[in-house]
Each structure stands twice: as structure tokens, then as C-alpha cells.
Amino acid sequence: MDLKSMKMAVLACLSALCGCASLGREARREPVERLDEHGISAPVLEVEAGNVLAFVNADARPHQIYSNDCAELSSTVLNPGETYAVAIGVGPKVCHFQDLLAPLSTGYFGTLRVRDEQEERRLATQD
């Protein structure tokens, strides 16, 4: 194999690897919490720190997300069809949230577990 053919083969392999890497990033979807007449779509979510979590109001009535332990989750009133997207802060941590407009409805209570792979690796190397 001559040098030109070898360069072309290496370039083709690198292009294929880059394509696979970008597919992996695209395959990871940002989490969405859907609110409807029955409550929230997932009472327990696990998210990586820094990701964006979206709350979508798919109900006919308004909702307002509130979290006492993770202020970034708290929203303004979400009217039907509106979305609230929030960048999740530093982890690891556990956040609890609920609908302020339905404070006694347990169907709208949720828990968010925030992972932080970098922090977990740092702590693991300290041991």
C-alpha cells in the first residue's frame, strides 16, 4: 500500500469514528417531565449535572413547579402547552419538587437525582 492510499484509509477510519461519536451524543436525549391531568410522567428522574430538564404542561390547567431544595427547578406559572426548561446545577444531589397549584396532589410530586460523573471520579481517586 502506498503512502497516499494509507492516508486515505486513515482519513476514512477517523471520519467513521467521528461520525459514531456524534451519533452517541445525539442519541442522549435531554429529559422531559410531562405534566398532565394524572400527574407527572416520571415520579423519579436521574439526570447528569449540567443537563437541561424540560417541564411540559400537557394538561388543560396551569401548573407551577416548586422545589425547596433545588431552587433552579422552581418555575413561574406554566399555562397549558407551555414548557419550562432549566439547566440542572452541580451534583451529586437529590431534589424534590411538586406542583404549587396542586400542593396536596401526590401525582405531581417528583424526585430528581442529579449525578455528577466528574465529581464522582474526583472523589473515587481521593480514596
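Each reported figure results from applying straightforward, stated rules to the coordinates on display, with no laboratory input. Since the structure is predicted, the reported quantities are computational estimates derived from the model, not experimental observations.
Brief remarks on what is shown
- Taking only the Cα atoms of the range 31-126, the ratio Rg/Rh comes out at 1.03, with Rh defined as the Kirkwood radius.
- With N as its number of residues, the range 58-104 has a Cα radius of gyration that, divided by 2.2 N^0.38 Å, comes to 1.20.
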